[in-house]
Each structure stands twice: as structure tokens, then as C-alpha cells.
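Below is one structure, written out as C-alpha cells; the observations come after it.
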Amino acid sequence: MAFSMSARVATGVGSGGCCMLGASVRALSVATTVSPRVPCGGLCVGESRDFHCGVKIPPVFRDSSLFSRWDASPLRKNRQMVRREGSSVATNALRTTADSGQQEVQPPVPLMRSLLSAIVRPYLTKNPTAVAALDLIRKHDGGPVCYDHFAFRTFGVDGCGIDAMSQVFLDLGYKVRDELRFPAKKLRALWFSPPDHLLDMDGSEADGPLPRIFISEIIVNQLSSETQEIIRRYTSKSGSISKHAATASVLNSLTWPTPHLSDYHALAKESEYAAWTLVNGYALNHTTVSVHRLGSLRNIEKLNDFLQENGIKLNSEGGILKVSPDGGLQQSSSVADTVTFTFAGGEVEQVPASYIEFAERLVLPIHSDLDADQIHEWHRRDGFEVGNADKIFESTSSDQTGMRNR
């Protein structure tokens, strides 16, 4: 006898015309077959599937010794895979994660923590708003400050895309979960989760639960020929160095030559995401505070008010609070700081740097009867939402930073 989860699927449309699954689990029933968590791709309006990328089954229900082997062939047959230009390693991992029969190797936890701490260090040096927000929360909240996820941006071409940044996390025990697509922005993203026992644990910041990893890439071959030529002029010179994207992030260095100001401006006209990536490379785009793990500020609307009252400017795109269609994922973010960047030839200009995000994951309806001390991370809404993320991306836009008026 085995367990299965039944989910009711409701799609939510993002501003790019695409949507991801938003669902609430109807029941936890006894059945003769097994339905573990299934990774899903970006869906278009009108599609529905009997699984939910946001529902995370507790570890006890995912123990392979309790389950017969799950057959994913019907899902593969029905899914129409979209041609992807730059990222095959992580995509292949997404395809095989659900039915992998290999025993997991215990990850080197000290190394994982050291890497994440090293990536955060230059981010905090360059982004005073993030530092100020974290200091305010530490001073007034009284609870642990934990990271929900880290996010990175990449160019999906010449081996510089999602694969370049994700490989080190896969090697350290992270698992690919779901894909999101943003057609209007010409972006795709994958998110990765740490081993279960490291996602739900005590501690704070670098010594607390390990964050999810969200890595996006711009689909270069969908851009104009002029923009493609500019991007390839730089990414083609990365060569095998792109395999060391995590090192570049830690060192706050680009893997391609210093850009020309004219190229930066040309990219910004078509894609501010591309322009940001050209000058920031694999730098940490944002880190995210796990709001539901806080103390007195354990409510995102209360936290938003507190931050704004203390001078933190929040991203207003689509409203300060971004809420998934199922209501389970609620997010907000600061507006990116700007930094002085010296371009090739010595030209200097202010460019957007990074920002800080805040995310509250609500308890799934089927677990609403649990007492507070019984609730774990897997009882909450997991995953990401296209509609929310599409607006969070705007934290670095010229409209939000005010750079368009300069």
C-alpha cells in the first residue's frame, strides 16, 4: 500500500502571457500507485495537469523504500519540449530527477556553506540597501534571518547560461525542480532545491537552512540580430572559463572582456536584463529573506510597511506585494542599488546592481490543522510563480531605479 497526492490545478497568467501551475492539494489518499513530486515545464493558458510544481511531499513520503517505481512515460509523451539553445546539463537533470533510482550521495555541507557565504560577501559590499534591510530586520525582529533563495542571471549562449552557474550546485547535492518561462522578456529559468534535511533546519543566515537556487537565462537566439551579435562578441571570449561561473561570482569578476558603454546602451534598448548581465555577469542578482521564519515581522505586509517606514524603497511594479494565483506565495523586493561602472576606454556610468527580496510561503490548505510547532518547510507552498517573478525582475529596471530620467 502506498500514498498518493491529488491536486487541483489552477493556472495563473504572468505579464508575459505565460503561466505556471498554481494549485492546492485536495487530499492525501491511500492508493495502489505512487505519485511523487513531478517537475513541470512552463505552461500556456488553458493547459492543466494532475500535478503541482509548488507542492512538496514530505521526505517520509518520498522515501524510495515506501514506493513502487513511478512511470513518467505518459508525462514525457504529452510534454512538448521547446528547443533550448544554451542549457542542456540542468535541463537533462530536470528530465531525469523524477525517476532517478540512484542513491543520493551526502553533500559536503561545510563546502556548501562556505561557497554560499563567499557569494554573498561581494553582494553585500555592493548593495547598501540589502545591508540596511538586513540590519533593520536583525535589530527589530528577534527571530532568525534565513535565506529563502539566491538568484542569478545568465546569457543562454556559448555555454554561459544556466548550466554554467548550476553545475556547482548540482555537484554539491542540489536537485533541479521546475522550469519557468517568460515569453515577453525572452527568458527561461530553472530552480534548484538543496537536500531536504538542509532546507528545513534551525539556524540563521549562513548557518541556517540552505537556500533554493533560482537561475535564469535570456534566450539569445530570440533577440534581434544586432543584440545577438553584441552578446556573442563577449560570451564567445569566455571559452572554458564559463565553467567557473561560481568562482567569477565569488570574485565579483566578469568572464568576458570589460564591456563598451555603447554596447551596454544598445542592449538596454532591447533588454534591460541583457544589459544588466553584461556588466554584472554572474554576480548574485538577489538574495531573499524567508519571511515566515521571522519573529515579530513574520507577515510580509507588516514587513513591507516596516521597511518602507524606515526608508527602504520597494519595487512597485504590479503593486508592492506580488501574490501567486493560489495565494500561497507572497513576495516583495527592494529597488536595486546603482553602482559606478568603468567601461572599456575609461568611460564611467551608473548601472543597476542588485536588490533584496522577501518571500512568505503560506501553509498548504491540507496542513491548516497543524499547530505552529508542527509546521515544517515542506508543509508550505514551494516553488516559484511566473507572474510574481516577472514583476520581481523589474527591480533592476530603469523605471524602478529612476535611471531613465537621468
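Results, tabulated for the structure shown:
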read-out	value
Pairs with Cβ under 7 Å, 6+ apart, first in region 238-259 and farther than 15 Å from V157 by Cα, second polar (S, T, N, Q) and at pLDDT 95 or above	A248/T255
Of the criteria (1) within 30 Å of R233 (Cα to Cα); (2) not in a helix (DSSP H, G or I), which one Q167 fails	(2)
Positions within region 358-393 being out of contact with any strand residue (DSSP E or B) (no Cβ under 9 Å at 6 or more places or on another chain) and either outside any helix (DSSP H, G or I) or open to solvent by less than 40 Å² (accessible area, probe 1.4 Å) (or both), in sequence order	S368, D369, D371, H376
Subset of region 323-347 (residues that are over 12 Å from N388 (Cβ atoms) and either part of a strand (DSSP E or B) or open to solvent by less than 30 Å² (accessible area, probe 1.4 Å) (or both))	S334, V335, A336, D337, T338, V339, T340, F341, T342, F343, A344
Any hit, region 348-357, residues being out of contact with any Cys (no Cβ under 8 Å at 6 or more places or on another chain), part of a loop (DSSP other than H, G, I, E, B) and within 20 Å of V291 (Cβ to Cβ)	yes
All positions within region 123-154 that are polar (S, T, N, Q) and either surrounded by fewer than 17 Cβ atoms within 10 Å (Cβ to Cβ) or out of contact with any Asp or Glu (no Cβ under 6 Å at 6 or more places or on another chain) (or both)	T125
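The values are calculated or read from the model by the stated rules, or taken from the named source; none is laboratory data. A quick note: this is a predicted structure, and the numbers were derived from the prediction, not measured. A quick note on method: Cβ atoms are made from the backbone with ideal geometry, for glycine too, and the neighbour counts reach across all protein chains shown. SASA here: full protein model, heavy atoms, side chains in, ligands and nucleic acids out. Shrake-Rupley method; radii C 1.70, N 1.55, O 1.52, S 1.80 Å.
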